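Report on the structure given below.
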Amino acid sequence: MKNNNNLNDLAFAILRVSFSAMMLTHGIPKINMLLESSSGFPDPFGIGSTPSLVLAVIGEVVAPLLVLIGFKTRIAAIPVIITMAVATFFIHLNDDFGTKEKAILYLLAFIIIAMVGPGKYSVDGRK
């Protein structure tokens, strides 16, 4: 079977853009939370609700925007991976699988994105 690099690059771009865009739908409301009141936000590591929320905004807004355009993709995927690992293994640890499933899917998708890189259709892929 012939390996079609253009098709692979297109598939990587679809994965990168779609998961990043979907992650933004979870992160953007957290910006509003940050501007209004972060008192109810989970604090799994005892650093305070506001710092925890800032880290979540970085992992769910700033980093996904970079991944979406394919800029420093492998490095930018790391905050998303960490955020989704925290959501999966700390915030939703005792929840049923259906509740933590989204975080697991995002975690796996961004691990793949970090492993594969941005591909040709990205800021980093331009030559």
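Coordinate-derived values only; no laboratory data. The shown structure was predicted, so the numbers you read here are calculated from the model rather than taken from an experiment. A quick note on method: Cβ atoms are made from the backbone with ideal geometry, for glycine too, and the neighbour counts reach across all protein chains shown.
At-a-glance table
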item	result
Degrees between helix 5-36 axis and first principal axis of the chain (Cα, 0 to 90, nearest 10)	20
Ascending count of other beta-carbon atoms within 10 Å, so fewest first, for Ser49, Ser38, Ser18	Ser18, Ser49, Ser38
Summed residue charge, Cβ within 10 Å of Gly70's Cβ, Lys/Arg positive, Asp/Glu negative	+3
Among Gly119, Ala85, Val17 the positive-end extreme of the charge dipole of the chain (Cβ point charges)	Gly119
Footprinting exposure proxy for Ile113, Ile78 (fewest neighbouring C-beta atoms within 10 Å first)	Ile78, Ile113
Rounded, prolate or oblate (a/c below 1.5 giving rounded, otherwise prolate when a/b exceeds b/c) for the range 37-83 by Cα gyration tensor	prolate
Dipole magnitude of the chain about its Cα centre (Cβ charges: Lys, Arg +1; Asp, Glu -1), debye to nearest 20	680
Among (i) 21, 17, 12; (ii) 29, 16, 11; (iii) 45, 15, 11, the entry derived from the coordinates for semi-axes √(5λ) of the Cα gyration tensor in Å	(ii)
